[in-house]
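Chemist: Just dropping this structure here.
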Amino acid sequence: MNRRSLLQGLSFSMLAAKLSGASSLYGQATEPQPEPARRISANDRINIGIIGPGSRGQELVRQLLRTPGVEIAAQCDVYEPRFAEVNELVGKKVPAYQDYRELLQRKNLDAIYIATPPVFHASYAIAAMKSGRPVYCEKTLGFTPEDSQNVVDAVSRTGQIFQIGHQMRYASWIRDSIQRVHQGEIGEPTQVYSYYHRSDNWRREVPNPSLERLMNWRLYRDTSGGLFEELGSHQIDIANWVFKEQPQDVLGTTSIAVYHDGRTVGDNVQAVLGYSKGRRLFFSSITDNALAGNQIWVYGTDGSLQITGEDATFYRKKEKTITAASHSQVVQRGLKTGASYAPDSVMPYRGPGDPVPVRNREEPTLTACKSFVECVRNKQQPFANVDVGFGSAMPCSIGKRAFADGRAMKIPQLKRLS
Ligand SMILES: NC(=O)c1ccc[n+]([C@@H]2O[C@H](COP(=O)([O-])OP(=O)(O)OC[C@H]3O[C@@H](n4cnc5c(N)ncnc54)[C@H](O)[C@@H]3O)[C@@H](O)[C@H]2O)c1
């Protein structure tokens, strides 16, 4: 059976199991043997192999082409038309493979980028690290709780450099504003409210119905954690960064309110994630109204911070927002106590706020790629390291189950190999 008939004849999840080598139905995949890592000097090109150059993968290729000292040296995708798209982007024919194991057999690769759907991330990342290569893997780290812990263990065992695709960690205005939160600028941050609201049904046109599961993997529960995983993982990561820990429990709900088109993931999600000391992240995502957009509010005891993909703004309480009502106000309004009456304003933060100076407007994905390449050269673990990936992936894996069961669930914490 060739790859094309595989795509036509197998369900996507069966294909996932076959290609990941994870299913006992198909036996274990033959993994490439580790080869000694090439010594990379400051002037050497870093040869990169990309697995899964679809929409996100091609964006990574675009940014890698702007990263000094990098060559796109190999590509792998189960969907053949991707190869010509990558060749066009790169401006030359890039050696192409339909099986990631063949790509990993190549001798001249210094690092691997993984941008397949998340069901493949863990097994491909582990195989790439075992083959002796640093890995940049798109979020989420793992699809199941076991996946995520397995990647953490593999990083420990192999000592490989691993970066997760949380590129917003590399946005200068987000870094600067979170540093200011950590310095106490809004007092104690106790709540994060995040919104990922869009007007977009998430469905892709497919050239042929047999490609539905391959192209619309996001819409089906066995290959996707839906909006919570695809969009929420970035915002969970920001909350983890603010609170300096991963969440402990998750409760939420999801439904199909608009797009009754056969999908099995919700088109809206609301979730609450609990951190220590009673701190919380509230996450909301809807797909039929983009008014609130993609924004994160960090609420502290002395002020607030709004973060978007473009900027960040601090808001501070006015000195005195609630004053006791005067006798004449109480007489006029019929209030018995001043405590329930705010004569100044019920919107005490209204105003322009204090924008965080943006010292670097570079596309965060480009900064993330440059930083990864530097880490490969200098043999350093990245800022968005495997622990960061675990901290956002695990709540997503557990969240899917919690929403389905309609109850709060504990989130396993990262374990280190002893
Ligand atoms: N960091 C970000 O901001 C960001 C943005 C978008 C997507 N993503 C992540 O990137 C990943 C890909 O998303 P996308 O929108 O590009 O999806 P996509 O469907 O456009 O691309 C995935 C590609 O992987 C290929 N593929 C599928 N199974 C494969 C396999 N077994 N082996 C090799 N190739 C395989 C597909 O043919 C496709 O070309 C997801 O994990 C997603 O969460 C991250």
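The values are calculated or read from the model by the stated rules, or taken from the named source; none is laboratory data. Predicted model, so just to flag it, every value in this text is computed and none were measured. Cβ sites come from the backbone with ideal geometry, for glycine too, and all protein chains shown count toward neighbours. Only protein heavy atoms, including side chains, enter the accessible area calculation; ligands, DNA and RNA are left aside. Shrake-Rupley method; radii C 1.70, N 1.55, O 1.52, S 1.80 Å.
Chemist: What's the number of the only condition in (1) buried (at least 24 other Cβ atoms within 10 Å of the Cβ); (2) within 16 Å of the ligand (Cβ to nearest atom); (3) within 20 Å of Gly52 (Cβ to Cβ) that Ser194 fails to meet?
Modeler: All conditions pass for Ser194, except number (3).
Chemist: I'd like the full set of residues that are part of a loop (DSSP other than H, G, I, E, B), more than 22 Å from Ala111 (Cα to Cα) and touching a Ser or Thr at 6+ places or on another chain (Cβ under 8 Å), limited to the stretch 380-418.
Modeler: In the first step, residues of the stretch 380-418 are kept if they are part of a loop (DSSP other than H, G, I, E, B); the result is 380-385, 406-408, 411-418.
Then drop every residue that is not more than 22 Å from Ala111 (Cα to Cα), which leaves 406-408, 411-418.
Within the stretch 380-418, Gly406, Arg416, Leu417 qualify.
Chemist: Report, by residue number, each residue of the stretch 176-210 that is of a type in the set (D, E, K, R) and either farther than 14 Å from Ile307 by Cα or outside the structural domain of Ser285 (by TED's automatic domain parsing) (or both). Working first, answer last.
Modeler: Taking the stretch 176-210 and keeping what is of a type in the set (D, E, K, R), we get 176, 180, 185, 188, 198, 200, 203-205.
Residues satisfying the conditions are Glu185, Glu188, Arg198, Asp200, Arg203, Arg204, Glu205.
Chemist: Considering the stretch 160-177 alone, what residues qualify as being away from the ligand (no atom under 16 Å from the Cβ) and either crowded, with 22+ Cβ neighbours inside 10 Å or in a strand (DSSP E or B) (or both)? Walk me through it before giving the result.
Modeler: First, the residues of the stretch 160-177 that are away from the ligand (no atom under 16 Å from the Cβ): 160-161, 172-173, 175-177.
Residues satisfying the conditions are Gln160, Ile161, Trp173, Ser177.
Chemist: Listed residues Ala404, Ala408, Ala384, Ala393; which is closer than 28 Å to Gly274 by Cβ, without any contact (Cβ under 8 Å) to a residue 40 or more places away in the chain and of a type in the set (Gly, Ala, Ser)? Steps first, answer last, please.
Modeler: On the way: Ala408 fails: without any contact (Cβ under 8 Å) to a residue 40 or more places away in the chain; Ala384 fails: without any contact (Cβ under 8 Å) to a residue 40 or more places away in the chain; Ala393 fails: without any contact (Cβ under 8 Å) to a residue 40 or more places away in the chain.
Checking each option against the conditions leaves just Ala404.
Chemist: Residues in the stretch 191-214: is at least one in contact (Cβ under 8 Å) with a residue 24 or more places away in the chain, among the acidic types (Asp, Glu), in contact with a Ser or Thr (Cβ under 7 Å, 6 or more places away or on another chain) and more than 30 Å from Asp302 (Cβ to Cβ)? Spell out how you get there, then give the answer.
Modeler: Here is the first cut: in the stretch 191-214, the residues in contact (Cβ under 8 Å) with a residue 24 or more places away in the chain are 191-203, 210-211, 213-214.
Now restrict to residues that are among the acidic types (Asp, Glu): 200.
Narrowing the set further to residues that are in contact with a Ser or Thr (Cβ under 7 Å, 6 or more places away or on another chain) leaves 200.
Subset that is more than 30 Å from Asp302 (Cβ to Cβ): 200.
The answer is yes; a qualifying residue exists.
Yes/no matrix, rows are residues, columns are (1) buried (at least 24 other Cβ atoms within 10 Å of the Cβ); (2) modelled with pLDDT under 95:
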{"site": "Gln380", "(1), (2)": "no, no"}
{"site": "Asn385", "(1), (2)": "no, no"}
{"site": "Gly389", "(1), (2)": "yes, no"}
{"site": "Met394", "(1), (2)": "yes, no"}
{"site": "Ile398", "(1), (2)": "no, no"}
{"site": "Arg401", "(1), (2)": "no, no"}
{"site": "Met409", "(1), (2)": "no, no"}
{"site": "Pro412", "(1), (2)": "no, no"}
{"site": "Leu417", "(1), (2)": "no, yes"}
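Yes/no matrix, rows are residues, columns are (1) of a type in the set (Val, Ile, Thr); (2) over 30 Å from Phe314 (Cβ atoms); (3) in a helix (DSSP H, G or I):
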residue: Arg218; (1), (2), (3): no, yes, yes
residue: Ser224; (1), (2), (3): no, yes, no
residue: Gly232; (1), (2), (3): no, no, yes
residue: Val242; (1), (2), (3): yes, no, yes
residue: His260; (1), (2), (3): no, yes, no
residue: Leu291; (1), (2), (3): no, no, no
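Chemist: What are the pairs with Cβ atoms under 7 angstrom where one residue, in the stretch 217-238, is closer than 23 Å to Ser172 by Cβ and the other, located anywhere, is open to solvent by less than 10 Å² (accessible area, probe 1.4 Å) and within 12 Å of the ligand (Cβ to nearest atom)? Sequence gap at least six, or different chains.
Modeler: Partner pairs satisfying both residue conditions: Ser233/Thr140; Ser233/Ser392; Ser233/Ala393; Ser233/Cys396; His234/His166; Ile236/Ser392; Asp237/His166; Asp237/Ser392.
Chemist: Being within 16 Å of the ligand (Cβ to nearest atom) and either small (Gly, Ala, Ser) or modelled with pLDDT of 95 or more (or both) narrows it down to one residue among Phe228, Phe243; which is it? Quick ask: steps written out before the conclusion?
Modeler: Values: Phe243 fails: within 16 Å of the ligand (Cβ to nearest atom).
Result: Phe228 is the single residue among Phe228, Phe243 that is within 16 Å of the ligand (Cβ to nearest atom) and either small (Gly, Ala, Ser) or modelled with pLDDT of 95 or more (or both).
Chemist: Any idea which of Gln28, Gln33 is among the polar types (S, T, N, Q), at pLDDT below 95, touching a Gly at 6+ places or on another chain (Cβ under 7 Å) and in the same structural domain as Val119 (by TED's automatic domain parsing)? Explain how you work it out, then say what you get.
Modeler: Working: Gln33 fails: touching a Gly at 6+ places or on another chain (Cβ under 7 Å).
One residue alone meets the criteria, Gln28.
Chemist: For the stretch 41-138, list the helices (runs of 4 or more DSSP H) that sit wholly inside it and hold at least 1 residues that are open to solvent by 50 Å² or more (accessible area, probe 1.4 Å) and under 22 Å from Gly226 (Cα atoms); which are they?
Modeler: On the way: elements: 55-65, 81-90, 100-105, 121-130.
Passing ranges, in order: 55-65.
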